[in-house]
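Everything on this sheet refers to the single structure shown next.
The values are calculated or read from the model by the stated rules, or taken from the named source; none is laboratory data. Small disclaimer: the values here were computed from a predicted structure and weren't measured. We place every Cβ from the backbone using ideal geometry, glycine too, and count neighbours over all the protein chains shown.
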Amino acid sequence: MNPELEWLTFKGVTLRHLKEFVSYRASILATIIWPLPLLALNVYQYLGLASTSQVGQILYSKYGIASFSGMIIVGTIVYLLYNRMLWGTGAWLVEERFNGTIESLLLTPSSRLTMLLASGFSSLVEGAWWIVGVFLLSWAIFGVQPAIGDWVAVVIALVSTMIALVAVGVFFASFFVLTRIADQLATSLQAPVRYASGVAFPVAALPAIFQLFGYMLPVTYGIAALRTTVIQHGTLVGLATDLIPLFVLTAILLIVGDLVLKRLELKAKKDGSLYKI
Amino acid sequence: MKERLDFDVFRSSFRYTLLQTFRQLNAGWFLGLQVIGPIFLLLTSWTVLQIVGSSGTSTFAALSGYADYIPFAILGFAFSGVIMNTVWAGANGIRSEQQGGTVEAIFVTPANKVAWMLGKIAGSITVALTSTVIVLIVGSVLLSFTLSATPDLLSAAVGVFLTLVGMTAFAFAIAGLTFLAKRVVDDINQILWTSLVFFTGLAFPIEALPPWAQTISWVFPITHGLTITRSAVLKGYSIFDQKLLFPVTSILILSAIYIPLGYFSFRAFLDKARKKGALEGY
């Protein structure tokens, strides 16, 4: 491994993705506007059934959550990041296939993992814009008051969640290479993941079967960690229950994703089906 | 003779859209976006009701006038496919031809372009109707409820029909924009789609919204179509009932506005794109 070459690969892929992102100014603005109605939908699903104060009381007494719109906003932001990773990093190879450039890409000696990590990193930079934009707009519209007890815990929760979501992207990249209908499968999984990870409510409110599914998803732990630190005065000590499974899942996804990708690429090269991946 | 040719164009475009959606390679998109998506949104509403508890039902009834929230939400999310298809149908029809490099070939033929576009939208509306039926059935089986009145199914069918007419006109009105906005139309539609899901009251009574937001919701034919359908199914109202006068009149007026608006804007945008030589670019 040549660090200088890896760095060049990383920089090249990152810059390319970022340039694509900023090419369409309308898209940059749209990325922070389109999630707002969906976020508002979740808020009004509650407000169609009870007043703001009633919902607040119920969520606090049952789940210890004081800010109900804050709960939804944090959940939505993490879910949006997951989506960005899924379609930014995960589906990146599909885009290369669609453009007819996958064969030349996979014949280069550059590290695949470096390329995927760079793609994930650029998605995170885009994601940072989403986080700040959606949070500020939601704060202005829904009046969320963050309840932060420990800024270090917030940063650690945020960085850990972002790293976990990059791992999700790397894992999905191998999944996308595995089957040509992966994009449809991923689309079909979006709504169940959104539901089971507890974007609009705590996972504890779900039926048992969905809780089980939810606890297998890194998104769930990312949402829980950020909710604890951003709206529930959570500290670093209280974060351990969310961060440990998050790190374990991150490691598993990265290792499995990298291994599967390597094996599939090797197989495709042997039988001459690289262009078909 | 001309009518026959126009009908052939319409039919081919309609069949192409249906085949594209339901063919084995693409069926996953339909399942994921138009069946699984709405069902999980419905489950979200159900879970929120479980969290809020019994007090939620009384607040909901006081706000909306309906006795039970679950059938209200099932009917609402059953229409989410209609929203998705009307927003994307026309634009996607043009965008996919632009990306495939075939749009110029289509638009320089002497075939009727309005018939071609209508065929695409009608195909998407048929797809939406399929998803509506599936979500209604799955939602009703998954989440049990009892109807408090005998449904007036004929009026409900009229409500669905009026919704489809109104939303087809709406789709036509926004389709032509694709010629000029090109890729940006994807962003416009993404915002439009999520806005419609929110403003039309799929998951909650629009009476819960602030007055300015309620005014926005009245601009969309589906808001009124949903009111008619829900009232017919959940309250047993006839389409001629005085209480449905406002939604029925509104949807008819909106359709009467959107149909000519759609027709003329589509023609105008197309002509402009042709004059600028911008048909092919995407």
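In the condition set (1) farther than 20 Å from B:Ala122 by Cα; (2) surrounded by fewer than 24 Cβ atoms within 10 Å (Cβ to Cβ); (3) in contact with a helix residue (DSSP H, G or I) (Cβ under 7 Å, 6 or more places away or on another chain), B:Val141 is compliant with all but (3). Filtering the range A:53-76 to residues that are away from chain B (no Cβ under 14 Å) and either free of Cβ contacts under 8 Å to residues at least 60 places away in the same chain or not hydrophobic (A, V, I, L, M, F, W, C) (or both) leaves A:Ser67, A:Gly70. Comparison of B:Thr57, B:Thr44, B:Thr17 shows that the only residue that is at pLDDT 85 or above, part of a helix (DSSP H, G or I) and facing chain A (nearest Cβ under 9 Å) is B:Thr44.
The number of residues in the range B:67-79 being modelled with pLDDT under 90 and within 11 Å of another protein chain (Cβ to nearest Cβ) comes to 0. In the range B:2-35, the residue that is nearest to B:Ile94 (Cα to Cα) out of those that are among the β-branched types (Val, Ile, Thr) and under 17 Å from the mean Cα position of the chain (by Cα) is B:Thr17.
Quick check: is even one residue across the range A:72-92 of a type in the set (D, E, K, R) and surrounded by fewer than 14 Cβ atoms within 10 Å (Cβ to Cβ)? Break it down stepwise before answering.
As a first pass, look at the range A:72-92 and keep what is of a type in the set (D, E, K, R): A:84.
If we keep only those that are surrounded by fewer than 14 Cβ atoms within 10 Å (Cβ to Cβ) as well, we get none.
Among the residues of the range A:72-92, not one is of a type in the set (D, E, K, R) and surrounded by fewer than 14 Cβ atoms within 10 Å (Cβ to Cβ), which makes the answer no.
Which condition does A:Val78 not pass, out of (1) more than 16 Å from the chain's Cα centre (by Cα); (2) closer than 22 Å to A:Gly238 by Cα; (3) of a type in the set (Val, Ile, Thr), if it passes all the others? A:Val78 satisfies every listed condition except (1). With the requirement that a residue be of a type in the set (Ser, Thr, Tyr) and surrounded by fewer than 21 Cβ atoms within 10 Å (Cβ to Cβ), what does the range B:1-19 give you? Scanning the range B:1-19 gives B:Ser12, B:Tyr16.
Looking at the range A:216-224, is at least one residue modelled with pLDDT of 85 or more and among the aromatic types (Phe, Trp, Tyr)?
There is at least one residue in the range A:216-224 that is modelled with pLDDT of 85 or more and among the aromatic types (Phe, Trp, Tyr).
Do we find that A:Ser104 is assigned to a helix (DSSP H, G or I) and under 29 Å from B:Phe199 (Cβ atoms) in this structure? Write out each step before concluding.
Working: assigned to a helix (DSSP H, G or I): yes; under 29 Å from B:Phe199 (Cβ atoms): no.
It is false that A:Ser104 is assigned to a helix (DSSP H, G or I) and under 29 Å from B:Phe199 (Cβ atoms).
Restricted to the range A:95-109, and to residues there that are surrounded by fewer than 20 Cβ atoms within 10 Å (Cβ to Cβ) and among the β-branched types (Val, Ile, Thr), the residue that is modelled with the highest pLDDT is A:Thr108. Just to be sure, is A:Val199 within 27 Å of B:Asn26 (Cβ to Cβ), of a type in the set (Val, Ile, Thr), surrounded by 21 or more Cβ atoms within 10 Å (Cβ to Cβ) and touching a Phe, Trp or Tyr at 6+ places or on another chain (Cβ under 9 Å)? No, not satisfied. For the range A:88-109, a tally of residues being without any contact (Cβ under 8 Å) to a residue 24 or more places away in the chain and either hydrophobic (A, V, I, L, M, F, W, C) or away from chain B (no Cβ under 14 Å) (or both) returns 7. Can you work out which of the residues in the range B:206-239 that are outside any helix (DSSP H, G or I) and without any contact (Cβ under 8 Å) to a residue 12 or more places away in the chain is nearest to the other protein chains (Cβ to nearest Cβ)? Applying the filter and picking the extreme gives B:Leu209.
Here's the yes/no breakdown for (1) touching a residue at least 40 places away in the same chain (Cβ under 8 Å); (2) more than 14 Å from chain B (Cβ to nearest Cβ); (3) assigned to a helix (DSSP H, G or I):
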residue	(1), (2), (3)
A:Val155	no, yes, yes
A:Phe176	yes, no, yes
A:Tyr195	no, no, yes
A:Gln211	no, no, yes
A:Gly222	yes, yes, yes
A:Thr250	yes, yes, yes
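One residue is enough: does the range A:110-126 have a residue meeting the conditions more than 15 Å from the chain's Cα centre (by Cα), at pLDDT below 80 and either under 17 Å from A:Leu8 (Cβ atoms) or not in a helix (DSSP H, G or I) (or both)? Checked against the condition, which is being more than 15 Å from the chain's Cα centre (by Cα), at pLDDT below 80 and either under 17 Å from A:Leu8 (Cβ atoms) or not in a helix (DSSP H, G or I) (or both), the range A:110-126 yields no hits at all. Kindly indicate whether any position in the range B:113-134 is farther than 18 Å from B:Gln20 by Cα and assigned to a loop (DSSP other than H, G, I, E, B). No, the conditions are met nowhere in the range B:113-134. Can you name every residue in the range B:20-29 that is surrounded by 15 or more Cβ atoms within 10 Å (Cβ to Cβ) and more than 8 Å from every other protein chain (Cβ to nearest Cβ)? Those that are surrounded by 15 or more Cβ atoms within 10 Å (Cβ to Cβ) and more than 8 Å from every other protein chain (Cβ to nearest Cβ): B:Gln20, B:Thr21.
Filter the range B:184-205 down to the residues that are assigned to a loop (DSSP other than H, G, I, E, B) and not polar (S, T, N, Q), then identify the one that is nearest to the other protein chains (Cβ to nearest Cβ). Before you say what the answer is, go through the steps one by one.
Of all residues in the range B:184-205, those assigned to a loop (DSSP other than H, G, I, E, B) come to B:200-205.
Those left that are additionally not polar (S, T, N, Q): B:201-205.
On the way: B:Gly201: 8, B:Leu202: 8, B:Ala203: 5, B:Phe204: 3, B:Pro205: 5 Å.
Among residues in the range B:184-205 that are assigned to a loop (DSSP other than H, G, I, E, B) and not polar (S, T, N, Q), the one nearest to the other protein chains (Cβ to nearest Cβ) is B:Phe204.
Identify all residues within the range B:65-95 that are under 22 Å from B:Met167 (Cβ atoms) and among the hydroxyl-bearing types (Ser, Thr, Tyr); write none if there are none. Scanning the range B:65-95 gives B:Ser80, B:Thr86. Kindly indicate whether any position in the range B:31-38 is closer than 25 Å to A:Phe68 by Cα, surrounded by 16 or more Cβ atoms within 10 Å (Cβ to Cβ) and at the interface with chain A (Cβ under 7 Å from one of its Cβ atoms). Yes, the range B:31-38 contains at least one residue that is closer than 25 Å to A:Phe68 by Cα, surrounded by 16 or more Cβ atoms within 10 Å (Cβ to Cβ) and at the interface with chain A (Cβ under 7 Å from one of its Cβ atoms).
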